[in-house]
Amino acid sequence: MTVMRYAESLNAALREEMARDPNVFVFGEDIGTYGGVFKVTRDLNGEFPGRVFDTPISEQALTAMAVSAAMTGTRPVLEIMYADFMPLTLDALINQASVFSYVWEGQVDIPFVLRTQGGGGVGTGAQHAKSLDALVAMIPGLKVVAPVTPADAKGLLKAAIRDNGPVIVLEHKLLYNTRGEVPDGDDLLVEIGRARTVREGADVSVFATSRMVLEAEQAAEALAAEGVSAEVIDLRTLRPLDLDAIVTSIAKTHHAVVVNEGWGFNGYAAELSATIMDHAFDLLDAPVARVTMPDMPIPYAEPLESQVIPNAARIAEAARRVLA
Amino acid sequence: MRNEPSLDTRAEMHRLMVTTRAIEIRLGEMFRDGQTRGPIHRCDGQEAVGVGATQALGDEDYVTTTHRGHHVYVGRGLEPRRIIAEIFGRATGYCGGRGGHMLVGDASRGMLGGNAIVGAGIPAATGMALSIKVRGDNRVAMTVFGDGAAQTGICHEAMNMAGLWKLPVVFLLENNRYGLTVPQSGQSATDHLVDRATGYGMPGTVVDGNDVGAVYAAAAEAIDRARKGEGPTLIEARTYRVEGFSTSDMGGYQDPDEVARWRARDPIALSAEGLRDALGDNLLARIEADARAAVDEAFKQALADPLPEFTLHAASAPYAGGPR
Ligand SMILES: Cc1ncc(C[n+]2csc(CCOP(=O)(O)OP(=O)(O)O)c2C)c(N)n1
Ligand SMILES: [Mg+2]
């Protein structure tokens, strides 16, 4: 094991996969010379000449190009600097990437990875702080992962690059500097579609995504002090969902709280909650509680922003509500 | 020349440039002391573009700008105190702290507004020009945008329609040689972005972006044409970003000699040279000292102003008064 920062483990994943497969290349804004604004692609430019491209600010074309480059023998990894710019990529994802393997009856594979980062809490304002997980998770044909630990960041990114279909990797700006133990060696793969039990509990299951997992852990600590035993599940893969893990946990606790940093209405938490109704209704003793952003743009000033980003206090309160 | 600024206008533009610079320097210091809410995109060295262009507009005209818009805000006549208050997330800021420094809007001055989605201000101003045409009034819309933004798809689409429909819009390309960390040469195969005007059937002109009088004259001519129904103009103002992309830029990609060459052509120093004979040293010094003192006072007031309070479903938030 080596203690690494989340950004470093992503960097290692890229380096290892580029070394392993000459068809892997990376491109995006400011990822070459500068190594990315979050330094995830640091030094790759020098190490892999001709396979690292700084691009113009052209997200729509870049994503469409990634799709077609993937159809024709390469494995592109595209960085979209902020999740807030994902709307610019959506035609390529919705009308291209997710369509052709199916309508051409499997004649083409589309092995490309789109990495981006979202999330708020540090005053980046309404256009640089959103979590738009639902936008990509709704598209059939895409896989969507959201690692929280450095080990998962490495293992899931490597798995995403090796996957033969399009995979969206949702990172979080407040996770890049977090540290954690990462297994040594260049064969760390985390299977896409498997949740991770962060903390076992008996009374209520908290299903969380991305940085909200860390808030859920804090909530579980607070609840433990009140004698409530909360189980925290990091979904890790937003799609395809690990339904077994969800149902197994609810079978134990009979109560569920779902947490996602995106909007509530039509959001990822809404889908989770509906999925739980579909598959575990009979196991529940109370309705599912959702913890999300309120349905509004993210304000800039600290006293405003801090009130809209979901946090441990709101998760704990939701857990108390479902248990009441 | 027909559109040369008068002596009064030149003196006023000088005052506004000194005001902008004083704001930027103070913001840089406060960032270093950890007192700003996140990084700031300073416009040092580019004051002549934002100030010269907007001073040529009429009171009723519209303008859009970018994430780096402090010179445009000040040039357009917005109050330093309320700009600064917004940057520090105060209730008295132009957006009550909801927007932050990249999203300042003041509809009463046609400032609609700063925008942190690169390129978004370009079709925005084009749409305002369409609205002007539909309403049949004689306003003009102007967009100030970067060399990076010039590479976006929406820039091309908007300019095409502006040329096609002869819309009353002025495209002011502020070519500061960098899009974030990527030099112009890494973003476009041509160093003559102005050449694109031909492809859209509109006149294009290059101007020294560090010469406020030249920017003003070029803008005034384009505004005239637009108001007379003769359609859009592309102005490429050549300037340079002498500070980093933002206050958190780690640097290392700008050639120090290049920076030094441009610092030697400081737009404020050039403007002072041009005014010295007409105004005399004493008057010039007083204008500058008064501008700086006013900025000091504006910071003092803005920093003493109250922070906003959060209300869910506040006025002008989505679903004001409660969700439906
Ligand atoms: C659609 C979009 N893509 C990427 C970014 C990230 N970004 C912010 S500013 C910038 C560079 C813009 O360059 P330019 O237009 O030349 O403006 P300058 O910073 O030089 O003033 C980039 C890539 C963004 N804000 N929006
Ligand atoms: Mg630029």
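At a glance:
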| item | result |
| --- | --- |
| Total residues in segment A:64-77, condition touching a Phe, Trp or Tyr at 6+ places or on another chain (Cβ under 6 Å) and within 16 Å of ligand 1 (Cβ to nearest atom) | 1 |
| Scope segment A:293-324; condition surrounded by fewer than 23 Cβ atoms within 10 Å (Cβ to Cβ) and either away from chain B (no Cβ under 14 Å) or of a type in the set (Val, Ile, Thr) (or both); matching residues | A:Val308, A:Ile309, A:Ala312, A:Ala313, A:Glu317, A:Ala318, A:Arg320, A:Arg321, A:Val322, A:Leu323, A:Ala324 |
| Every residue from segment A:291-313 that is more than 22 Å from B:Arg37 (Cα to Cα) and more than 21 Å from the chain's Cα centre (by Cα) | A:Ala313 |
| Tally, over segment A:46-65, of residues that are in a loop (DSSP other than H, G, I, E, B), of a type outside the set (A, V, I, L, M, F, W, C) and within 10 Å of chain B (Cβ to nearest Cβ) | 3 |
| From B:Asp44, B:Asp59, residue being in a loop (DSSP other than H, G, I, E, B), within 28 Å of B:Gly280 (Cα to Cα) and modelled with pLDDT of 95 or more | B:Asp44 |
| Answer residue from segment B:29-52, given it is over 24 Å from A:Pro299 (Cα atoms) and surrounded by fewer than 24 Cβ atoms within 10 Å (Cβ to Cβ) and is farthest from the chain's Cα centre (by Cα) among those | B:Glu29 |
| In segment B:147-189, residue nearest to B:Gly45 (Cα to Cα) [restricted to those that are in a loop (DSSP other than H, G, I, E, B) and more than 15 Å from ligand 1 (Cβ to nearest atom)] | B:Ala189 |
| Where a residue in segment B:146-165 is in contact (Cβ under 8 Å) with a residue 24 or more places away in the chain and within 14 Å of chain A (Cβ to nearest Cβ) and its partner, wherever it lies, is within 14 Å of ligand 1 (Cβ to nearest atom) and among the charged types (D, E, K, R), with Cβ under 7 Å and at least six apart | B:Gly146/B:Glu174; B:Asp147/B:Arg177 |
| Top-ranked residue of segment A:18-32 - restricted to ones that are surrounded by 13 or more Cβ atoms within 10 Å (Cβ to Cβ) and more than 14 Å from every other protein chain (Cβ to nearest Cβ), ranked as nearest to the chain's Cα centre (by Cα) | A:Val26 |
| Meets criteria (over 28 Å from B:Val169 (Cα atoms) and of a type in the set (Ser, Thr, Tyr)) for B:Thr36 | yes |
| Qualifying residue in segment B:83-102 (condition: under 14 Å from the mean Cα position of the chain (by Cα) and either farther than 29 Å from B:Thr152 by Cα or assigned to a helix (DSSP H, G or I) (or both)) | yes |
| Any helices (runs of 4 or more DSSP H) falling wholly within segment B:201-308 and containing at least 3 residues that are among the β-branched types (Val, Ile, Thr) and away from every other protein chain (no Cβ under 14 Å) | B:212-227 |
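The values are calculated or read from the model by the stated rules, or taken from the named source; none is laboratory data. Computed from a predicted structure; not experimentally measured. We place every Cβ from the backbone using ideal geometry, glycine too, and count neighbours over all the protein chains shown.
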